[in-house]
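Before I ask anything, here is the structure I am working with.
The values are calculated or read from the model by the stated rules, or taken from the named source; none is laboratory data. Values in this document were obtained by computation on a predicted structure and should not be read as measured data. Neighbour counts run over all protein chains shown; Cβ positions are idealised from the backbone, glycine included. Surface areas here come from the heavy atoms of the whole protein model, side chains and all, with no ligands, DNA or RNA. Shrake-Rupley method; radii C 1.70, N 1.55, O 1.52, S 1.80 Å.
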Amino acid sequence: MLPKVNSGQFQLRIKEPDGTRLERTEEALHKVLAIIDSTVDNHVAISSSYVGLVPSSYGTSNLYIFNTGTHEALIQVGLDEDYKTNLDDLKEKLRANINSVFPEMRLSFEPIELTEKIMSQGASTPIEIQVAGKNIPDIENYANKLIPKLKSISCLRDIQIKQPLKFPSIHIDFDRLKMAQLGLNVSEVANSVTDATSSSRFTEKNQWLDEKVAYTYQVQVQVPEYSMNEMNQLKSIPLIKGKNRPILSDVATFSLDTIPGEYDRTGPRRFITVSANIHKKDLAAATDYVQKAIADMGETPRGLKVELKGMSNLLLETFSSLQNGLIVAIIVILLLLAANYQSFKLSLIVLTTIPAVILGSLLILLLTGSTLNLQSYMGIIMAIGVSVANAILIVTNAETLRIKYEDATKAAKVSASIRLRPILMTSLAMIAGMIPMAMGFGEAGDQTAPLGRAVIGGLMASTFAALFIVPLVYSLVQKKASLKNPSLLPEISN
């Protein structure tokens, strides 16, 4: 979508096995930071990280820290300015080094630049496949079959299911008959479990007024998570205030289970997201590979819906709109020129420079290793505008001279020679102005370099086409054209 910027910054999300305790994830995080530091030869200027979920006691929105559990951590790293490296190569080294120490850890590099985050529309990776349906087991089964297909694509990295689907849990089954015999109900027992395992704020709101400052504080009680670490402690939770019995195990049975740690929905459907990063390949090519992998899965099972999301979906929509817009612009130019010249033939002669612009721009992008993206696409459009203006000068002069010389070939040659200096001055001035941009000088110069390269390539090709191709085509097309005024208005016709 946009050119990659080698800013020396990257964002990494690490995931231990679902349900890993916060302390264990934090230990792993410190080791990962040490691996990063050693990989870049101690050139880490600054790092920032967050482990686990935002506690419910804090008024912080999960919109900004969207970890899915205590097993997950987010790392942001900024490298020293004097440390120059290719970020794609560095990420590949980090994958190898981290996975050699933590084979079960899942990694995912995410956008860190603000522009890239906005363009990705909230997607954490360029490739995201959304599998939606009613039943999580059916969705998970399809996603697990799709992952091996994606892993066979050589340019994809960090392939994984984003949601934690095997979160360890304790299943508590209440015996309602025993509860009724002891004078208890489900609500009271559930509140006792919530108080002990979470916080009293969820069962009883308690406010304390500080009369000195007339400010109200919320008071809550909770058991530290690390203090309740055995099943027997959970079983011994008292159910009646001030009494040691009955306890939870008197009215309930316990079993270990796994459940999805997060449910995501789009409308009425639940969905699972399979994400992947791209290594040294353009987004359009990777998207084609992914679409083929989905097609190879065969017909989607009934009740499931598979959609390609993330930046790849935005890329298809954006470039489709750009192509349609460019086609409409060419058609409008053709109609305006036809109205001006009162001839479709002359209008088509002017437009013969457009293929040269596109070819020149694509060739220079290929030679410089740039991709066709929003920046280079805008460069092509700019070059088309200049090339059409140059062609109009030659064709307009040639048509005037044809009436005078009564010879289309001579008129084309003279017109090209007359307009040689203005066209060269315009093209060379614009090319010279685009050279610093094309070289990628300055901060974030890599992001605007494709625009300059596309303009330079397009103008070089269009200048040649305007001075040689357009006169040649004009002489061939207008060789036998009438010398009479082509106006449709009777009062000015010859």
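Compute the FRET efficiency between Asn229 and His30 as 1/(1 + (r/R0)^6), taking r as their Cβ-Cβ distance and R0 = 35 Å, and round to the nearest 0.05.
Efficiency at R0 = 35 Å is approximately 0.95.
Follow-up. Determine how large the accessible area of Thr400 is when every protein chain is in place; take a 1.4 Å probe and give Å² rounded to the nearest 10.
The accessible area comes out at roughly 90 Å².
What figure in square angstrom, to the nearest 10, would you give for the accessible area of His30 with a 1.4 Å probe?
Accessible area, nearest 10 Å²: 110 Å².
Cβ under 10 Å from Thr70's Cβ, Thr70 left aside: what net charge do those residues give with Lys, Arg +1 and Asp, Glu -1?
Once all neighbours under 10 Å are counted, the net charge is -4.
Return the long-range amide H neighbours of Gln163 (sequence gap of 5 or more, or a different chain), with a cut-off of under 5 Å between placed amide H atoms.
Thr273
Extension gain Ala180-Ser49, at 0.36 nm per residue separation less the Cα-Cα distance, in nm?
Additional length available on full extension: 42.2 nm.
Let me ask you something else. How high is the relative contact order of the chain, in percent, with contacts defined as C-alpha pairs under 8 Å that are six or more residues apart?
RCO, the chain: 17 percent.
Using per-residue counts of other Cβ atoms within 10 Å, averaged over each peptide, order 355-367, 413-425 from highest down.
Final packing ranking: 355-367, 413-425.
Then there's this: How about Lys309: which aspartates and glutamates have a C-alpha closer than 18 Å to its C-alpha, ignoring those fewer than 8 places off in the same chain?
Qualifying aspartates and glutamates at Cα under 18 Å: Glu110, Glu116, Glu128, Glu140, Asp158, Asp264, Asp282, Asp288, Glu317.
Give a residue-ordered list of calculated ³J(HN,Hα) values for the stretch 6-23 (Karplus: 6.51 cos²θ - 1.76 cosθ + 1.60, θ = phi - 60°; whole Hz; x for Gly, Pro).
Taking θ as phi minus 60°, the curve returns 8, 8, x, 10, 8, 10, 10, 10, 10, 9, 7, x, 3, x, 4, 5, 4, 5 Hz for the stretch 6-23.
Also, I was wondering about something else. Which order do peptides 383-394, 201-212 fall in by mean Cβ count within 10 Å, highest first?
Ranked by mean Cβ neighbours within 10 Å, highest first: 383-394, 201-212.
Take the solvent-accessible surface of the protein heavy atoms, probe 1.4 Å, and return the percent of it on the chain that carbon and sulfur atoms account for.
57 percent
A 31 angstrom limit on the alpha carbon distance is what I want to check against. Which of Lys151/Lys305; Lys84/Lys166; Lys117/Lys205; Lys162/Lys235 exceed it?
The pairs that break the limit, which is 31 Å between Cα atoms, are Lys84/Lys166; Lys117/Lys205; Lys162/Lys235.
Please compute the net charge surrounding Thr409, taking Lys and Arg as +1 and Asp and Glu as -1 over other residues with Cβ under 15 Å from its Cβ.
For residues surrounding Thr409, the net value is +3.
Rank these by accessible area, largest first, 1.4 Å probe: Lys134, Lys149.
Putting Lys134, Lys149 in descending order of accessible area: Lys134, Lys149.
In nm, what is the difference between 0.36 nm times the number of residues separating Thr253 and Glu92 and their Cα-Cα distance?
Computed gain between Thr253 and Glu92 is 53.1 nm.
Follow-up. Per-residue HN-Hα couplings for the stretch 205-221, Karplus 6.51 cos²θ - 1.76 cosθ + 1.60 at θ = phi - 60°, whole Hz, x for Gly and Pro?
Each residue's phi maps through the Karplus curve to give 7, 10, 10, 10, 8, 8, 5, 5, 10, 6, 10, 9, 10, 7, 10, 9, 10 Hz.
Output the direction-averaged projected area (hull surface divided by four) of the convex hull of the alpha-carbon atoms of the stretch 89-234, in nm².
Over all viewing directions, the stretch 89-234 projects a mean Cα-hull area of 17.3 nm².
Let me ask something additional. Rg and Dmax of the stretch 70-157, Cα atoms, in Å?
Both quantities, over Cα of the stretch 70-157: 16.1, 52 Å.
Let me ask something additional. Which label marks the calculated value of Kirkwood radius over Cα pairs in Å, given the options (1) 28.5; (2) 26.3; (3) 32.6?
The calculated read-out lines up with (1).
A follow-up question, please. Compute the accessible area per residue over the chain, keeping the other protein chains in place, probe 1.4 Å, unit Å².
Value for the chain: 56 Å² per residue.
Sticking with this structure for a sec: Note down the relative contact order for the stretch 1-134 as a percent, whole number, built from C-alpha pairs under 8 angstrom at least six residues apart.
Answer for the stretch 1-134 is 37 percent.
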